[in-house]
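**Q** Structure provided below as structure tokens; questions to follow.
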Amino acid sequence: MNEIKTAIKTEGLTKKFGDLVAVDNVDLEIKAGELFGLLGPNGAGKTTIIKMLSTLLRPTSGKGYVCEYDVSKDQNAVRRSIGIVFQDPSVDSKLTGKENLDFHARMYHLNKELRVKRVKEVLKLVELEDKAKILLENYSGGMQRRLEIARGLMHYPNVLFLDEPTLGLDAQTRRHIWDYIKKLNEKEDVTIVLTTHYMEEADYLCDRVAIIDQGRIVALDTPENLKNMIGADVISLKIPEGMDRLIEVLKGFDWVKKVTEHDGFLDICVKEGETKIPDIVISAQREGISIKSVSLHEPTLEDVFLQFTGRTIREEEGSAKKVMKRLMMGSRR
Ligand SMILES: Nc1ncnc2c1ncn2[C@@H]1O[C@H](COP(=O)(O)OP(=O)(O)OP(=O)(O)O)[C@@H](O)[C@H]1O
Ligand SMILES: [Mg+2]
């Protein structure tokens, strides 16, 4: 792995399902050892990209390379190089943690000695040693996810794909999983490509993030640089009426960098936001426009997404939660 500098490369990677262009001309280059995030709302094309890179789906056009192997030509070599944790739970609930891991390792033809050693190693990595002999159906949601991540690592892959590793988990469990992901990126020297629609996750974990919307990469950089693109604080106003009039007034101030309207809110990008709130409130009052709430925050990746697409990722979260609930109900049956 050391000699490979580029873990993933795509050139014009495209997937169409009938008339729908799910992945649209994606160019990516991910360095070996990177922790890289694909951030985007439901249906953005994240899973489809992962599926093409892991040889589960054939690209309609364009090229994809994993560890310099062509995903359309060297499929076996690609499969040997990767580990994958699917968006939907895929562990066998009637096997113990250890059995799940051992089964996976057998499929990769690891010999017995190596299997025993590796099972111990990966269980330690995700701190599940004491749960090794318990059936998966008796693991908590977070533990199951950790075991799936461990399983993805069993055969020493160079690249690990994590498709929505923390979808539907509570905030505390999510943070734990983030720590494991960071740890294994460092300790196992594995390149990690994860998808998420949680901007905090992409921000906290990833060295670089590609923001994806409707199959296209709309921005790609370090979380820091992406947020710096906003170049200001964000003042968010809730306004039931008179939005257009206030936008006109605000555009008249030379210190207002950008004004964006979304779901009854007005986001105003300004430097030193806290000093500008009084001016904004007074201007609104003069126009007879009532402001229901005011908040000020430093830019987040959500603001970056809004700037590039005119929509928020958050709008989509409700529906993602519903999907997760449905999945969880399914796995309990
Ligand atoms: N096998 C398929 N047949 C038809 N359409 C598909 C198929 N797989 C995906 N799509 C469509 O392609 C688009 C991208 O889907 P994809 O699953 O890649 O999105 P995603 O970014 O992973 O979304 P989510 O955050 O909900 O997981 C969606 O519009 C989806 O309905
Ligand atoms: Mg997906």
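**Q** Of all residues in the stretch 131-155, count the ones that are part of a helix (DSSP H, G or I) and either polar (S, T, N, Q) or not assigned by TED's automatic domain parsing to the domain that holds K31 (or both).
**A** Initial filter on the stretch 131-155 (part of a helix (DSSP H, G or I)): 131, 136-138, 141-153.
Add one more test, that the residue is either polar (S, T, N, Q) or not assigned by TED's automatic domain parsing to the domain that holds K31 (or both), and what stays is 138, 144.
Looking only at that region, the number is 2.
**Q** I'd like to know if the stretch 221-233 contains one or more residues that are charged (D, E, K, R), more than 15 Å from the chain's Cα centre (by Cα) and crowded, with 16+ Cβ neighbours inside 10 Å.
**A** From the stretch 221-233, those charged (D, E, K, R) are 221, 224, 227, 233; that's our starting set.
Checking which are more than 15 Å from the chain's Cα centre (by Cα) leaves us with 224, 227, 233.
Next, from what is left, pick out any that are crowded, with 16+ Cβ neighbours inside 10 Å: 227, 233.
Checked the stretch 221-233: at least one residue is charged (D, E, K, R), more than 15 Å from the chain's Cα centre (by Cα) and crowded, with 16+ Cβ neighbours inside 10 Å.
**Q** How many residues does the stretch 19-53 contain that are assigned to a strand (DSSP E or B) and within 10 Å of ligand 1 (Cβ to nearest atom)?
**A** So the first thing to find is which residues in the stretch 19-53 are assigned to a strand (DSSP E or B), and the list is 20-31, 35-39.
Checking which are within 10 Å of ligand 1 (Cβ to nearest atom) leaves us with 20-23, 38-39.
Within the stretch 19-53, residues that are assigned to a strand (DSSP E or B) and within 10 Å of ligand 1 (Cβ to nearest atom) number 6.
Listed here are the residues, each with its yes/no results for (1) outside the structural domain of D24 (by TED's automatic domain parsing); (2) within 16 Å of ligand 2 (Cβ to nearest atom); (3) in contact (Cβ under 8 Å) with a residue 60 or more places away in the chain.
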site	(1), (2), (3)
R118	no, no, no
E129	no, no, no
P157	no, no, yes
L160	no, no, yes
D163	no, yes, yes
G215	no, yes, yes
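**Q** Just to be sure I understand the filter: pairs with C-beta atoms under 7 Å, separated by 6 or more residues or on different chains, first member in the stretch 46-59 and on the phi < 0 side of the Ramachandran plot, second member within 12 Å of ligand 2 (Cβ to nearest atom) and basic (K, R). Which pairs pass?
**A** As it stands, the answer is L57/K51, since those pairs meet every condition given.
**Q** Filter the stretch 78-128 for residues that are surrounded by fewer than 16 Cβ atoms within 10 Å (Cβ to Cβ) and touching a Cys at 6+ places or on another chain (Cβ under 8 Å) and give the result.
**A** Matches in the stretch 78-128: none.
**Q** Determine which member of the set L28, L39, L35, L53 is more than 22 Å from N158 (Cβ to Cβ), under 17 Å from the mean Cα position of the chain (by Cα) and modelled with pLDDT of 95 or more. Don't jump to the end; show me each part of the working.
**A** Values: L28 fails: more than 22 Å from N158 (Cβ to Cβ); L35 fails: more than 22 Å from N158 (Cβ to Cβ); L53 fails: more than 22 Å from N158 (Cβ to Cβ).
Answer to the selection: L39.
**Q** Additional query: Which members of the stretch 30-47 meet the condition of being near ligand 2 (Cβ under 9 Å from one of its atoms) and surrounded by fewer than 21 Cβ atoms within 10 Å (Cβ to Cβ)?
**A** N42, G43
**Q** Failed condition for R174, given (1) assigned to a helix (DSSP H, G or I); (2) away from ligand 1 (no atom under 16 Å from the Cβ), with all others met?
**A** R174 satisfies all of (1) assigned to a helix (DSSP H, G or I); (2) away from ligand 1 (no atom under 16 Å from the Cβ) except (2).
**Q** Further, regarding this structure: Has the stretch 2-18 got any residue that is of a type in the set (S, T, N, Q), surrounded by 22 or more Cβ atoms within 10 Å (Cβ to Cβ) and not in a loop (DSSP other than H, G, I, E, B)?
**A** Initially, the stretch 2-18 is screened for residues of a type in the set (S, T, N, Q), giving 2, 6, 10, 14.
Okay, now just the ones that are also surrounded by 22 or more Cβ atoms within 10 Å (Cβ to Cβ), so 10.
If we keep only those that are not in a loop (DSSP other than H, G, I, E, B) as well, we get 10.
Looking for residues that are of a type in the set (S, T, N, Q), surrounded by 22 or more Cβ atoms within 10 Å (Cβ to Cβ) and not in a loop (DSSP other than H, G, I, E, B), one finds at least one in the stretch 2-18, hence yes.
**Q** Looking at the stretch 166-176, can you tell me whether even one residue there is of a type in the set (A, V, I, L, M, F, W, C) and within 16 Å of ligand 2 (Cβ to nearest atom)?
**A** Initially, the stretch 166-176 is screened for residues of a type in the set (A, V, I, L, M, F, W, C), giving 167, 169, 171.
Going one step further and asking which of them are within 16 Å of ligand 2 (Cβ to nearest atom), we end up with 167, 169.
Yes, because at least one residue in the stretch 166-176 is of a type in the set (A, V, I, L, M, F, W, C) and within 16 Å of ligand 2 (Cβ to nearest atom).
**Q** Would you pick out the residues in the stretch 1-18 that are within 14 Å of ligand 1 (Cβ to nearest atom) and in contact (Cβ under 8 Å) with a residue 24 or more places away in the chain? Steps first, please.
**A** Kept after step one, since they are within 14 Å of ligand 1 (Cβ to nearest atom), are these residues of the stretch 1-18: 13-18.
Correct list: L13, T14, K15, K16.
**Q** Could you list, in sequence order, all residues of the stretch 87-98 that are under 15 Å from A132 (Cβ atoms) and in contact with a Lys or Arg (Cβ under 9 Å, 6 or more places away or on another chain)?
**A** Quick first cut of the stretch 87-98, residues under 15 Å from A132 (Cβ atoms) only: 91-92, 95-98.
Across the stretch 87-98, the qualifying residues are V91, T96, G97, K98.
**Q** Which condition breaks for A202 when tested against (1) within 16 Å of ligand 1 (Cβ to nearest atom); (2) not in a helix (DSSP H, G or I)?
**A** Tallying (1) within 16 Å of ligand 1 (Cβ to nearest atom); (2) not in a helix (DSSP H, G or I), A202 fails exactly one: (2).
**Q** Can you name the condition, by its number, that L226 falls short on among (1) part of a helix (DSSP H, G or I); (2) at pLDDT below 90?
**A** In the conditions (1) part of a helix (DSSP H, G or I); (2) at pLDDT below 90, L226 misses (2) alone.
**Q** Inside the stretch 177-199, can you point out the residues that are within 16 Å of ligand 2 (Cβ to nearest atom), outside any loop (DSSP other than H, G, I, E, B) and among the hydroxyl-bearing types (S, T, Y)?
**A** T195, T196
**Q** Just give me the residues in the stretch 266-292 being under 31 Å from the mean Cα position of the chain (by Cα) and crowded, with 17+ Cβ neighbours inside 10 Å, in sequence order.
**A** L266, D267, I268, C269, V270, G273, listed by residue number.
**Q** Test L56 against the stated conditions and say whether it is closer than 21 Å to I177 by Cβ and either within 16 Å of ligand 1 (Cβ to nearest atom) or out of contact with any Phe, Trp or Tyr (no Cβ under 8 Å at 6 or more places or on another chain) (or both).
**A** On the way: closer than 21 Å to I177 by Cβ: no; either within 16 Å of ligand 1 (Cβ to nearest atom) or out of contact with any Phe, Trp or Tyr (no Cβ under 8 Å at 6 or more places or on another chain) (or both): yes.
So L56 does not fit the description; no.
**Q** Condition (residue is within 17 Å of the chain's Cα centre (by Cα), outside any loop (DSSP other than H, G, I, E, B) and surrounded by 15 or more Cβ atoms within 10 Å (Cβ to Cβ)) applied to the stretch 56-70: is it met by at least one residue? Spell out the reasoning first.
**A** Applying the first criterion (within 17 Å of the chain's Cα centre (by Cα)) to the stretch 56-70 yields none.
No, that holds for no residue.
The values are calculated or read from the model by the stated rules, or taken from the named source; none is laboratory data. The structure presented is a predicted model; accordingly, all values stated were derived computationally and were not measured. With ideal geometry, Cβ positions are generated from the backbone for all residues, glycine too; neighbour counts draw on all protein chains shown.
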